[in-house]
1. Among the numbered criteria (1) more than 9 Å from chain A (Cβ to nearest Cβ); (2) assigned to a helix (DSSP H, G or I); (3) closer than 23 Å to A:LEU160 by Cα, which one does B:ILE107 miss?
2. Answer yes or no: is there a residue in the stretch A:27-39 that is without any contact (Cβ under 8 Å) to a residue 24 or more places away in the chain, open to solvent by 50 Å² or more (accessible area, probe 1.4 Å) and within 20 Å of B:ARG115 (Cβ to Cβ).
3. For the stretch A:166-191, which residues satisfy the criterion of being open to solvent by less than 20 Å² (accessible area, probe 1.4 Å) and in a helix (DSSP H, G or I)?
4. Tell me which residues, restricted to the stretch A:144-165, are in a helix (DSSP H, G or I), more than 7 Å from chain B (Cβ to nearest Cβ) and farther than 20 Å from A:TYR91 by Cβ.
5. Which one is farthest from A:ARG60 (Cα to Cα) among residues in the stretch A:115-130 that are in contact with a helix residue (DSSP H, G or I) (Cβ under 7 Å, 6 or more places away or on another chain) and at the interface with chain B (Cβ under 9 Å from one of its Cβ atoms)?
6. For the stretch B:62-83, check the following and say yes or no: at least one residue is crowded, with 20+ Cβ neighbours inside 10 Å and at pLDDT 95 or above.
7. Would you check if there is a residue in the stretch B:93-112 being in contact (Cβ under 8 Å) with a residue 12 or more places away in the chain, over 19 Å from A:LEU111 (Cβ atoms) and crowded, with 16+ Cβ neighbours inside 10 Å?
8. Just to be sure before I move on: is B:LEU186 more than 11 Å from chain A (Cβ to nearest Cβ) and over 18 Å from the mean Cα position of the chain (by Cα) in the structure I sent?
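The values are calculated or read from the model by the stated rules, or taken from the named source; none is laboratory data. Nothing here was measured: the structure is a model prediction, and the numbers come from that model. Cβ placement follows ideal geometry from the backbone for every residue including glycine, while neighbour counts extend to all protein chains displayed. Heavy atoms of the whole protein, side chains included, go into the accessibility calculation; ligands, DNA and RNA do not. Shrake-Rupley method; radii C 1.70, N 1.55, O 1.52, S 1.80 Å.
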Protein chains: 2
Amino acid sequence: MARNVERRAALADAGLRVLAATGARGLTHRAVDAEAGVPVGTASNYFRSRDALLGALGERIMERFAPDEHRLAELGAREPSLELVTDYVRYIVERTTAQPELTRALIELRLEAVRRPGLARVLGDTLRRGYRDDVAFHVAAGLPGGAFEVALLRYAVDGLLLDLLGTSIDAGFDPDEVVSALVSRLLAPAG
Amino acid sequence: MARNVERRAALADAGLRVLAATGARGLTHRAVDAEAGVPVGTASNYFRSRDALLGALGERIMERFAPDEHRLAELGAREPSLELVTDYVRYIVERTTAQPELTRALIELRLEAVRRPGLARVLGDTLRRGYRDDVAFHVAAGLPGGAFEVALLRYAVDGLLLDLLGTSIDAGFDPDEVVSALVSRLLAPAG
């Protein structure tokens with residue numbers, strides 16, 4: 001069982017490399033088998049359709065963005081405040097920009113899903129769960145704001161990541177300064 | 001000359017349809033010729049490389065997002081205020097979501113440009129010019145905030161558009177309410 005989980009993750013990681021190199025439309029089970037160095041048919045055993053394969057890549061991206069437990073414990077030990085939210089969001093930007101090809105792949109999957117209802121279903125589940133978990137964490141930690149503020153921040157950070165990891169509008173401001181302003185302004189009315 | 005401008009626009013529009021159907025990687029000069037119903041070689045005459053072609057699509061998207069002059073004059077006649085900025089941004093969201101395939105194409109081009117320095121150059125020029133024009137317009141109109149606030153709004157609206165036009169986090173809030181909150185909160189400190 002543990003072996004299957006590992007194998008599945010290794011196949012998904014190979015799929016993410018194919019996705020980065022060729023885009024969503026170049027991704028096939030056979031290309032994943034080749035990239036992972038496994039017999040033809042292996043990826044099909046784990047992911048029964050192209051949408052299931054693409055959806056699994058979305059889930060794997062979220063897994064690979066998971067925070068380090070030690071860093072999270074340090075942050076969790078602090079008093080809730082706008083500064084603490086700023087540091088949480090900076091840590092999100094740090095993790096996502098450290099794996100730029102994963103962040104770009106997630107945006108590409110969100111766009112590709114418009115043409116693929118099967119992918120939209122799997123990826124929609126992943127994104128909805130991620131948002132609900134963020135809201136639950138935010139509220140449980142006593143941080144300022146609620147579901148609405150978490151959504152506003154999410155939109156703003158997604159747009160910032162697109163600017164940092166794709167062609168930029170080159171506004172010329174420091175990302176740390178931008179994150180700090182986004183958090184303090186979007187959450188202040190609730191603080 | 002006018003004829004050349006029209007032909008160039010018609011070719012770019014054909015290119016945008018190919019891009020929507022097949023993605024950036026499926027876009028070739030030959031596919032554009034076929035889609036536009038012109039002799040093979042026509043697109044190559046107007047756009048000398050693949051990057052030039054992709055870059056021209058970015059410019060054409062911005063042209064097609066241009067506001068209606070009548071609507072703009074109505075907005076321009078009002079006193080500058082946060083409410084007026086909200087209505088400007090709602091009009092941006094209205095225009096971009098009315099042509100969802102163009103908005104998605106622009107995001108895809110921004111990501112694709114990471115692998116194509118030639119495209120990054122052309123598209124970067126277009127996006128930088130767009131941002132500078134937005135700032136100049138904002139300041140000349142006496143609207144609250146400056147270059148920094150225009151950048152914050154731009155990030156937040158780009159992220160909102162990704163959520164509206166791709167797989168959503170399904171936060172369940174009304175986009176009009178979201179835009180109103182983004183404007184009043186991001187610009188209020190400057191207002």
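1. Tallying (1) more than 9 Å from chain A (Cβ to nearest Cβ); (2) assigned to a helix (DSSP H, G or I); (3) closer than 23 Å to A:LEU160 by Cα, B:ILE107 fails exactly one: (1).
2. Step one: of the stretch A:27-39, the residues without any contact (Cβ under 8 Å) to a residue 24 or more places away in the chain are A:28, A:30-35, A:37, A:39.
Cutting the leftovers down to open to solvent by 50 Å² or more (accessible area, probe 1.4 Å) gives us A:28, A:30, A:34-35, A:37, A:39.
With the extra rule that they be within 20 Å of B:ARG115 (Cβ to Cβ), the set shrinks to A:28, A:35.
Yes, there is a match, as at least one residue in the stretch A:27-39 is without any contact (Cβ under 8 Å) to a residue 24 or more places away in the chain, open to solvent by 50 Å² or more (accessible area, probe 1.4 Å) and within 20 Å of B:ARG115 (Cβ to Cβ).
3. A:VAL178, A:VAL179, A:ALA181, A:LEU182, A:VAL183, A:LEU186, A:LEU187
4. None; the set is empty.
5. Step one: list which residues in the stretch A:115-130 are in contact with a helix residue (DSSP H, G or I) (Cβ under 7 Å, 6 or more places away or on another chain), which gives A:116, A:118-120, A:122-123, A:126, A:130.
Filter again for at the interface with chain B (Cβ under 9 Å from one of its Cβ atoms), leaving A:119-120, A:123, A:126, A:130.
Values: A:LEU119: 14, A:ALA120: 15, A:LEU123: 11, A:THR126: 10, A:GLY130: 13 Å.
Here the answer is A:ALA120.
6. No: the stretch B:62-83 contains no residue that is crowded, with 20+ Cβ neighbours inside 10 Å and at pLDDT 95 or above.
7. There is no residue in the stretch B:93-112 that is in contact (Cβ under 8 Å) with a residue 12 or more places away in the chain, over 19 Å from A:LEU111 (Cβ atoms) and crowded, with 16+ Cβ neighbours inside 10 Å.
8. Working: more than 11 Å from chain A (Cβ to nearest Cβ): no; over 18 Å from the mean Cα position of the chain (by Cα): yes.
Here the answer is no, as B:LEU186 does not meet what is asked.
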